[in-house]
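The values are calculated or read from the model by the stated rules, or taken from the named source; none is laboratory data. Quantities reported herein were computed from a predicted structural model and do not represent experimental measurements. Counting neighbours? That spans all protein chains shown, and the Cβs are built from the backbone with ideal geometry, glycine included.
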């Protein structure tokens with residue numbers, strides 16, 4: 001039976017008992033409204049660790065003032081049932097007041113990696129992510145924590161933060177889970193109308209075109225971006241926010257793909273902002 | 001026998017074994033050149049916990065470009081012997097390269113609390129402290145960590161950081177240890193000539209004057225500051241950098257002492273910068 005725990009003190013107590021028994025702990029941080037993407041992370045954690053904690057917390061500090069904090073979809077009973085089906089032990093579902101003191105003064109900032117891609121339109125987003133992930137790592141003290149590759153920039157930033165601050169946790173990145181037509185699973189897909197949902201397949205199709213160009217031997221980032229943009233331009237409901245080819249070290253745009261690269265896009269479909277990406281490493 | 005450990009991996013391994021045996025761990029972070037002030041912290045930790053780790057690391061990120069990083073006194077054999085005499089288990093003595101990757105991008109910043117007092121003349125100091133303390137807490141994962149009240153602003157900042165980031169550690173503040181004449185113990189006292197050493201007693205004497213004024217019922221910060229400054233002015237070798245009365249929440253100057261206050265001073269004696277302070281809570 002999966003327990004829903006709402007206080008930091010109770011999570012610490014549960015983990016302390018597991019530790020005293022010499023058992024390992026996995027953490028899957030989520031904002032809830034869980035789908036098959038989250039499920040794949042939880043299943044991986046359950047397979048890797050003796051115990052798994054799934055946090056379900058719509059973290060206010062990672063939303064900008066005009067973003068969808070209030071309307072972000074929530075369904076705790078659905079989430080609890082999904083977690084229970086995977087065999088994870090605990091859903092940690094704190095209130096914002098449990099997580100944040102009113103006169104908080106501490107920020108955790110990863111320079112460089114958060115300034116491109118989503119950082120351009122969401123300037124406070126990754127500081128909010130670093131803050132809540134730091135807190136969750138300190139509360140749960142997991143051996144491993146699981147993040148989806150769909151939020152690729154987040155994954156790279158969390159990895160860097162964990163290395164820089166010497167957190168004793170292994171960050172495990174997990175592949176993007178997609179709908180049958182290729183659309184990356186996202187809690188925000190629920191915002192899409194039927195017509196928009198049909199149009200949203202253009203994200204994964206455009207990335208496939210970019211990948212094909214790279215696999216054909218092209219190394220100029222401009223050519224890869226153009227191949228992606230051409231596909232996006234053919235879909236009237238799609239408004240690209242960015243199409244970028246960046247290095248996976250500092251997440252800066254590259255002119256030529258030499259080491260591992262991340263090809264990442266953000267596209268508005270109607271009022272909904274969706275992201276997708278792939279990693280590519282040229283053979284040497 | 002106290003072990004000197006130089007790698008992060010080895011410390012983690014040692015602590016993991018202690019944890020598996022259900023034992024508690026105390027951490028005393030130091031920059032080495034240990035004196036009776038550090039010794040009091042270590043003894044307290046040894047009394048409180050099953051095991052104690054003393055870190056000895058002259059942390060480069062908390063020194064400004066024109067500060068005394070290179071000349072800061074070091075004597076590992078003396079430190080190891082002192083730690084051994086207290087019964088602590090491990091001296092953690094990493095190199096700067098072991099602690100810091102060259103392309104570190106993460107900063108931990110506590111707003112407000114670090115801008116007054118020592119923060120005015122040492123603008124990057126407390127970010128460096130927060131960074132290294134975060135790392136040490138993540139590496140050692142102690143139940144309790146011990147800090148001297150002599151570095152009062154540091155103690156308040158570390159407490160706030162630990163609360164804001166939900167570190168699972170109790171921060172224990174320990175009283176200032178003084179020489180027979182009242183000078184607060186400090187590794188930097190070794191910089192003083194005989195004449196300067198004699199003059200340095202003026203710090204604790206000036207604070208005693210400030211405390212006497214407060215205990216006499218005075219609540220105006222200006223009057224407390226003046227009482228301290230008057231004593232400092234009588235010592236020709238003393239050049240005050242600041243004399244401040246601040247609240248202990250956000251470390252901002254107060255006009256009137258109403259809640260708990262920190263009276264803190266920094267004074268140059270010749271080329272050496274020394275600090276001292278006391279806490280005062282008015283009866284209500």
*Report yes if residue A:91 is crowded, with 19+ Cβ neighbours inside 10 Å, in contact with a helix residue (DSSP H, G or I) (Cβ under 9 Å, 6 or more places away or on another chain), part of a helix (DSSP H, G or I) and outside the structural domain of residue A:249 (by TED's automatic domain parsing), otherwise no.*
no
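Hey, can you tell me all the residues within segment B:152-177 that are away from chain A (no Cβ under 14 Å) and surrounded by fewer than 16 Cβ atoms within 10 Å (Cβ to Cβ)? Walk me through it before giving the result.
Residues of segment B:152-177 that are away from chain A (no Cβ under 14 Å), as a first pass: B:152, B:154-155, B:172-177.
Answer for segment B:152-177, where residues must be away from chain A (no Cβ under 14 Å) and surrounded by fewer than 16 Cβ atoms within 10 Å (Cβ to Cβ): just B:175.
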*Taking the residues in segment A:228-270 that are closer than 30 Å to residue A:190 by Cβ and out of contact with any strand residue (DSSP E or B) (no Cβ under 7 Å at 6 or more places or on another chain) as candidates, determine which candidate is nearest to the other protein chains (Cβ to nearest Cβ).*
A:251
*For residue B:142, all conditions in the list (1) touching a residue at least 12 places away in the same chain (Cβ under 8 Å); (2) over 23 Å from residue B:13 (Cα atoms); (3) within 14 Å of chain A (Cβ to nearest Cβ); (4) assigned to a loop (DSSP other than H, G, I, E, B) hold save one; what is the number of the exception?*
(2)
_Hits in segment A:54-74 - residues which are surrounded by 15 or more Cβ atoms within 10 Å (Cβ to Cβ) and closer than 21 Å to residue A:36 by Cβ_ = A:54, A:55, A:56, A:57, A:58, A:72, A:73
*What's the number of the condition residue A:133 fails, among (1) surrounded by fewer than 21 Cβ atoms within 10 Å (Cβ to Cβ); (2) within 13 Å of another protein chain (Cβ to nearest Cβ); (3) in contact with a strand residue (DSSP E or B) (Cβ under 7 Å, 6 or more places away or on another chain)?*
(1)
*Among the numbered criteria (1) under 27 Å from residue B:111 (Cα atoms); (2) in contact with a helix residue (DSSP H, G or I) (Cβ under 7 Å, 6 or more places away or on another chain), which single criterion is violated by residue B:220?*
(2)
*Just give me the residues in segment B:98-130 being within 11 Å of another protein chain (Cβ to nearest Cβ), part of a helix (DSSP H, G or I) and over 15 Å from the mean Cα position of the chain (by Cα), in sequence order.*
B:98, B:99
*Any chance segment B:100-114 includes a residue that's under 23 Å from residue B:185 (Cβ atoms) and crowded, with 20+ Cβ neighbours inside 10 Å?*
no
*asked:* Can you report the number of residues in segment A:1-22 which are more than 10 Å from chain B (Cβ to nearest Cβ), in a loop (DSSP other than H, G, I, E, B) and over 23 Å from the mean Cα position of the chain (by Cα)?
replied: 3
*Unmet requirement for residue A:72, which otherwise passes all of (1) part of a loop (DSSP other than H, G, I, E, B); (2) without any contact (Cβ under 8 Å) to a residue 40 or more places away in the chain*: (2)
*Give just the number: which of (1) in contact with a helix residue (DSSP H, G or I) (Cβ under 7 Å, 6 or more places away or on another chain); (2) touching a residue at least 40 places away in the same chain (Cβ under 8 Å) does residue A:173 not satisfy?*
(2)
*For segment B:52-67, does any single residue satisfy the condition of being closer than 26 Å to residue B:114 by Cβ, without any contact (Cβ under 8 Å) to a residue 24 or more places away in the chain and outside any strand (DSSP E or B)?*
yes
_Any helices (runs of 4 or more DSSP H) falling wholly within segment B:146-221 and containing at least 3 residues that are under 20 Å from residue B:234 (Cβ atoms)_ = B:194-199, B:202-215
*Members of segment A:10-32 that are in contact with a helix residue (DSSP H, G or I) (Cβ under 6 Å, 6 or more places away or on another chain), more than 19 Å from residue B:166 (Cα to Cα) and at pLDDT 95 or above*: A:32
*Matching entry among B:196, B:258 (being over 24 Å from residue B:148 (Cβ atoms) and either in contact (Cβ under 8 Å) with a residue 24 or more places away in the chain or over 17 Å from the mean Cα position of the chain (by Cα) (or both))*: B:258
